[in-house]
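Below is one structure; the comments refer to it alone.
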Amino acid sequence: MSKAITFSEFGTPDVLRLSEVTTPEPGPGQVRVRVRAASVNPLDMKIRSGLMAGSIPARFPVTPGLDAAGVVDAVGAGAGASVGDAVLGATTGGSYGEYALLDLPVVKPDAVPWEVAASIVTVGLTAARVLAELDVRPGQTLLVHGAAGSVGIIAVQLAVARGVTVVGTVGEHDIDRLAALGAGAVRYGDGWADRVKAVAPNGVDFVFDASGAGVLADSVALTGSSAHVVTIADMTAARHGVRFSAGGGSRTGESLAELVGLAAGGGLSVPVWRTYPLAEAARAHADLEAHRNRGKAVLLP
């Protein structure tokens, strides 16, 4: 037996409980890790609240969590790592616990702290997936809405590292931070399209909307084609002929290895706002739902 956060009904953060659970056993191709850090993602809160019940059915009790970093302590047949390896990856069966199962573990370099390693996974893979869907190439110009958010800031850095010219919309307080990452920074809000045109006078080739702030119509106008705009946050996408991107992808292991390599070499900064003991998962959810954070929240079992 081991400890994990669980919930047995949908609701507010106070449905989360520290519970005794059966320690999971790895199946073929899986590894079990002793969790050192587990990232808290917005999807965790949507699942806990019941907003995703139609597409992600719950079998109570549920252990939340999508990402973990830890040390391998058991392996299934054909697993991609060995006992004692430090790894990170997406979890099967939740990550808010002392132990978690990973299907595609990626080695964690010593230079990447545990809390950063756990924070890279879902947001990093989302950023990489959308860049692949847009097929943005070196020398082209990409506009990222919500460029200071957890997904947007990784998309910016990944695109810059690949030789793409990047412009991002952010709040006034994040302009200098985005500029330091090699992107053109413009203030979001009324008139943002004109400000983008001033920073990118040769035009914008693609738009990655990570904000969901009602920017799709003007984004399509900027690129000249709805096929050049992808959103992960605006449920009105179909109305504008824009793709709504969700899900994983067939190259998640390769993409995650690229992200981890950039982080280890100092080419990728993943802002971690606050860490919490495992027992304070409800407080972490409440803080994120109140938008108190500026960066990732991470549980440290």
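Remarks
- Cβ-Cβ under 9 Å pairs, at least 6 apart or on other chains, region 44-65 side assigned by TED's automatic domain parsing to the domain that holds residue 284, far side among the acidic types (Asp, Glu): 45/289; 49/289; 50/9; 60/9; 64/44; 65/44
- Residue count for region 115-124, restricted to those that are in contact with a Leu (Cβ under 8 Å, 6 or more places away or on another chain) and under 12 Å from residue 89 (Cα atoms): 6.
- Among the residues of this structure, residue 159 does not count as one that is modelled with pLDDT under 95 and of a type in the set (A, V, I, L, M).
- Criterion (without any contact (Cβ under 8 Å) to a residue 60 or more places away in the chain, outside any helix (DSSP H, G or I), of a type in the set (Val, Ile, Thr) and surrounded by fewer than 23 Cβ atoms within 10 Å (Cβ to Cβ)) met by exactly one of 83, 166, 160: 83
- Taking (1) under 24 Å from residue 291 (Cβ atoms); (2) in contact (Cβ under 8 Å) with a residue 60 or more places away in the chain in turn, residue 93 satisfies each apart from (1).
- Residue count, region 47-69 (criterion: within 21 Å of the chain's Cα centre (by Cα), at negative phi, surrounded by 15 or more Cβ atoms within 10 Å (Cβ to Cβ) and not charged (D, E, K, R)): 9
- Listed by first and then second residue, the pairs linking a residue in region 270-298 that is β-branched (Val, Ile, Thr) to a residue that is in a loop (DSSP other than H, G, I, E, B) and modelled with pLDDT under 95, with Cβ atoms under 9 Å apart and 6 or more places separating them unless they lie on different chains, are 270/295; 272/295.
- Of all the criteria given as (1) at positive phi; (2) at pLDDT 95 or above, the one not satisfied by residue 264 is (1).
- Taking the criterion of being assigned to a loop (DSSP other than H, G, I, E, B), in contact with a His (Cβ under 9 Å, 6 or more places away or on another chain) and either under 19 Å from residue 126 (Cα atoms) or among the small types (Gly, Ala, Ser) (or both), the residues of region 192-237 that qualify are 210, 211, 212, 213, 233, 234.
- Within the option set 147, 185, 111, being assigned to a loop (DSSP other than H, G, I, E, B), in contact with a strand residue (DSSP E or B) (Cβ under 7 Å, 6 or more places away or on another chain) and either small (Gly, Ala, Ser) or crowded, with 23+ Cβ neighbours inside 10 Å (or both) holds for one residue only, 147.
- Selection count, region 22-43, where residues are closer than 28 Å to residue 150 by Cβ and either crowded, with 18+ Cβ neighbours inside 10 Å or modelled with pLDDT under 95 (or both): 14
- Of all residues in region 196-204, one or more are in contact with a helix residue (DSSP H, G or I) (Cβ under 8 Å, 6 or more places away or on another chain) and exposed (fewer than 14 other Cβ atoms within 10 Å of the Cβ).
The values are calculated or read from the model by the stated rules, or taken from the named source; none is laboratory data. It should be emphasised that the depicted structure is a prediction, and the values quoted were computed from it without experimental measurement. With ideal geometry, Cβ positions are generated from the backbone for all residues, glycine too; neighbour counts draw on all protein chains shown.
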